[in-house]
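Undergrad: The structure follows.
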Amino acid sequence: MAIVFERPHALKEKELHYCPGCTHGIIHRLVAEVIDELDIEGITIGVSPVGCAYNNYEYFNCDMVQAAHGRAPAVATGIKRVHPDNYVFTYQGDGDLAAIGTAEIVHAAARGEKITTIFVNNAIYGMTSGQMAPTTLVGQVTTTSPYGRKPEIHGFPINVCEMLSTLEGAVYVERTSVHDVKNIKKTKAAIKKAFQVQNAKKGFSIVEVLSTCPTNWGINPVDSLKWLEENMIPHYPLGVFKGKDLEV
Amino acid sequence: MAEKLLMKGNEVIAEAALRAGCRHYFGYPITPQTEIAHYMAKVMPKVNGTFLQAESEVAAINMVYGAAAAGARVMTSSSSPGVSLKQEGISYIAGAELPAVLVNIVRCGPGLGGIQAAQCDYFQACKGGGHGDYKNIVLAPSSVQELYELTVEAFNLADKYRMLVIILGDGMLGQMMEAVEFKDKEEIYQDDKKWACTGTKMQRESNDITSIYIQPEVLEGLNNKLQAKYRQIEQNEVLVETYNCEDADIIVTAYGTVARIIKNVIKMADKEGIKVGLIRPITLYPFPTAAFEKYAETPKAFLSVELSAGQMVEDVRLAINGKCPVHFYGRTGGVIPSQLEVLNEIKKILNK
């Protein structure tokens, strides 16, 4: 019988630890499928973040370096400068990338560092139990904004793609979502393009993936997908912010 | 033939790193060590290496972490407030067991302090600095020649033990010009770095470099392994200079540039019939405890002279273990004690 669907080779045979309904698993798989399709597993080095995906080095089959909170782009810079012909990617959440690691991501992008960042935005801190993130929506309730995020107290959410796309060194910037099959496919295409941009040595590439956190949002997995679509996408519009016509 | 040149301390550090095979440097400007970065910026492109001015010290040390994880000989340099910012990365480097070299050309603090020479970062360098139970090898050169030799040694020790090695100098040493004799070829410690993240090339299992271990017993295992490594270093890697200690009336202990002042004090004291010995730790960690134990009962007293409010003196007291009185004399804020000042202190202690 012909095999029509199997685990990507770039993903180890290990059970994921994520909460039910969390979309990290989907995003991991997409990254692994892209690595398989581009046949680059042997020359790829990933950088693991802090937060829920801290141990994704246990899942990806390529060489992986675990980084301190927010520092993945700096760690990836060090790796890439040593191995300029390898693919280097970071996988980071919104607390990691848009709060403690803002300087690192901005400057890696500004330098046009030839790395790819997979930025998973679920509008909340997951691992530390649901605190407000820089990406938390106005009005959204979290453990540290129990009365809802108020701009006059907490400030406004950061739109990372819009911000980074103003930088010359960032050559491919796209925001996608994984709330339905159509968008999952678009996310995979975006991740693939981001890796190809890296290979073409054109500059920094990032794919922001809107993701769910049923546990900390306090919504069941199915309603979480709906919540993402109805609440996150209006504030975080999907699409290519930079590099739409980039030839790779 | 060996080459002898007149060079500035900071530039010698950079040149020594290059000769030791370092091809990756990440840093952020801060006085009084910036000539290291200037030198690297000029030379690295010519040897197909990397000089990168990071956006912060925090980023720089994490770039070092990445490059070390990728298997490179890598260095960063900074001065006291900058090294404080690097402490996060330093702890991670210890936890992930990565080889790298950090140069701290110490200035006076606390806070922004000033840019003059000081030794007020001894605790930070030798006792941890960042979070967690860890050590770094700390080398304290006292001449430009030693800056060269110990910088090369730092890279070898880093690779040998897969850990961070700190070169602890001060502004005086970094800015000083002296003759330095380079070797034709350095002896480089060879490590195949099979653990490094270089891409599997589909020929081996993937390598993971991490410092996070959620299971308590597993993390305790890492800590036990690190502590065993430190005990090994304490056995094998101690460097110390002892001078004039046999039959000394008093043994002065000092490291780095301060030890040079003491050597002149010894000559002055000799003319007055006072016999002063010197124990100069070259490795601050591992601390040369045995040298102190050896002479613990010889003199009437020990005197630790430091550009701090008293930091190394604690290790001296531990090493002497009550067998002899230990005194301290220090100046802070960038003030350098004069030879006469130290001699008067010695006389005071000896009641002469």
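The values are calculated or read from the model by the stated rules, or taken from the named source; none is laboratory data. Remember, predicted model here, so these are calculated numbers, not experimental data. Glycine also receives a Cβ, built like all others from the backbone with ideal geometry; neighbour counts cover every protein chain displayed. Quick note on the areas: whole protein, heavy atoms, side chains included, nothing else; ligands and nucleic acids left out. Shrake-Rupley method; radii C 1.70, N 1.55, O 1.52, S 1.80 Å.
Undergrad: Where does chain B land at 222 nm, in deg cm²/dmol rounded to the nearest 500, when only DSSP H runs of n ≥ 4 count, each adding -39500 (n - 2.57), divided by all residues?
TA: The helix-only estimate for chain B comes to -12500 deg cm²/dmol at 222 nm.
Undergrad: Another question, then. What is the distance in Å between the Cα centroid of segment A:213-239 and that of segment B:265-324?
TA: What the calculation gives is 66 Å, centre to centre.
Undergrad: D for the protein assembly as shown, whole µm²/s, Stokes-Einstein with Kirkwood Rh over alpha-carbon pairs at 20 °C and 1.002 mPa s: what number?
TA: 83 µm²/s
Undergrad: To the nearest 10 degrees, how steeply does helix B:57-69 sit against the main Cα axis of chain B, on a 0 to 90 scale?
TA: Taking Cα atoms only, the helix is inclined about 60 degrees.
Undergrad: Which of the chymotrypsin sites (Phe, Trp or Tyr not before Pro) found in segment A:144-248 are loop residues per DSSP with 11 or fewer other Cβ atoms within 10 Å of their Cβ?
TA: Details: sites: A:Y147, A:Y172, A:F195, A:F204, A:W217, A:W227, A:F241; in loops: A:Y147.
Here the sparse-neighbourhood loop sites are A:Y147.
Undergrad: For segment B:233-324, run through the trypsin sites (Lys or Arg not before Pro) and keep only the ones in DSSP coil with at most 14 other Cβ atoms within 10 Å of their Cβ.
TA: Those that pass, being in a loop and sparsely packed, are B:K300, B:K323.
Undergrad: In addition: Using a 10 Å cut-off on Cβ to Cβ distances, tally the other chain neighbours for every residue of A:85-92 and report the average as a whole number.
TA: That average works out to 1.
Undergrad: Using only Cα atoms, find the angle between the long axis of helix B:257-271 and the longest principal axis of chain B, and express it within 0 to 90 degrees, rounded to the nearest 10.
TA: 20 degrees
Undergrad: Which whole number gives the average count of other chain Cβ atoms within 10 Å of the Cβ atoms across peptide B:51-62?
TA: 6
Undergrad: I'd like the distance separating the alpha-carbon centroids of segment B:1-72 and segment B:182-248, in whole Å.
TA: Value for the Cα centre distance between the two parts: 21 Å.
Undergrad: Let me ask something additional. Between 0 and 90 degrees, rounded to the nearest ten: what's the tilt of helix B:216-236 against the longest Cα principal axis of chain B?
TA: It works out to around 50 degrees.
Undergrad: Something else now. Take each uninterrupted DSSP H stretch in chain A, measure its Cα extent along the helix axis, and return the ones at 20 Å or beyond whose mean Kyte-Doolittle hydropathy is at least 0.5.
TA: Length and hydropathy pass: A:24-38.
Undergrad: When you look at the Cβ of every residue in B:191-200, what mean number of other chain Cβ atoms sits within 10 Å?
TA: 5
Undergrad: Quickly rank A:231-240, A:32-41, A:132-141 as a protection proxy: mean count of other C-beta atoms within 10 Å, highest first.
TA: Going by the mean number of other Cβ atoms within 10 Å, highest first, we get A:132-141, A:32-41, A:231-240.
Undergrad: Beta carbons within 10 angstrom, averaged per residue: use that to sort the peptides B:100-112, B:70-82, highest first.
TA: B:70-82, B:100-112
Undergrad: Net charge within 14 Å of A:G130 by Cβ-Cβ distance, Lys/Arg positive one each and Asp/Glu negative one each, not counting A:G130 itself?
TA: Value of the local net charge: 0.
Undergrad: Heavy-atom accessible surface, probe 1.4 Å, ligands and DNA/RNA ignored: which residues of segment B:204-227 lose at least 20 Å² versus the isolated chain?
TA: Buried by the other chains: B:S206, B:D208, B:I209, B:T210, B:I212, B:I214.
Undergrad: Accessible area per residue, 1.4 Å probe, Å², for the protein assembly as shown: what's the number? Could you put the intermediate results ahead of the total?
TA: Details: 23820 Å² over 600 residues.
Spelled out: the 1.4 Å probe surface of the protein assembly as shown, per residue, equals 40 Å².
Undergrad: Please give me, ordered by residue number, the trypsin sites (Lys or Arg not before Pro) of segment A:191-220 that lie in loop per DSSP and have at most 13 other Cβ atoms within 10 Å.
TA: Answer in residue order: A:K201.
Undergrad: Next question. Could you tally the net charge around B:G114, taking each other residue with its Cβ under 14 Å from the Cβ of B:G114, Lys/Arg +1 and Asp/Glu -1?
TA: On the way: positive: B:R107, B:R331; negative: B:D121, B:D170.
It works out to a net charge of 0.
Undergrad: Which one of B:M202, B:M163, B:M177 has the biggest mean-square fluctuation once chain B is modelled by GNM with Cα springs under 10 Å?
TA: Judging by the Gaussian network model, the answer is B:M202.
Undergrad: Same structure again: Percent of accessible area on segment B:3-236 owned by carbon and sulfur, 1.4 Å probe?
TA: Ligands and nucleic acids excluded, carbon and sulfur reach 51 percent.
Undergrad: B:G310: net charge of surrounding residues, Cβ under 15 Å, Lys/Arg +1, Asp/Glu -1, itself excluded?
TA: Net charge in that neighbourhood comes out at -2.
Undergrad: How big is the B/A interface in buried accessible area, both sides summed, 1.4 Å probe, to the nearest 100 Å²?
TA: In total, chains B and A hide about 2600 Å² from solvent.
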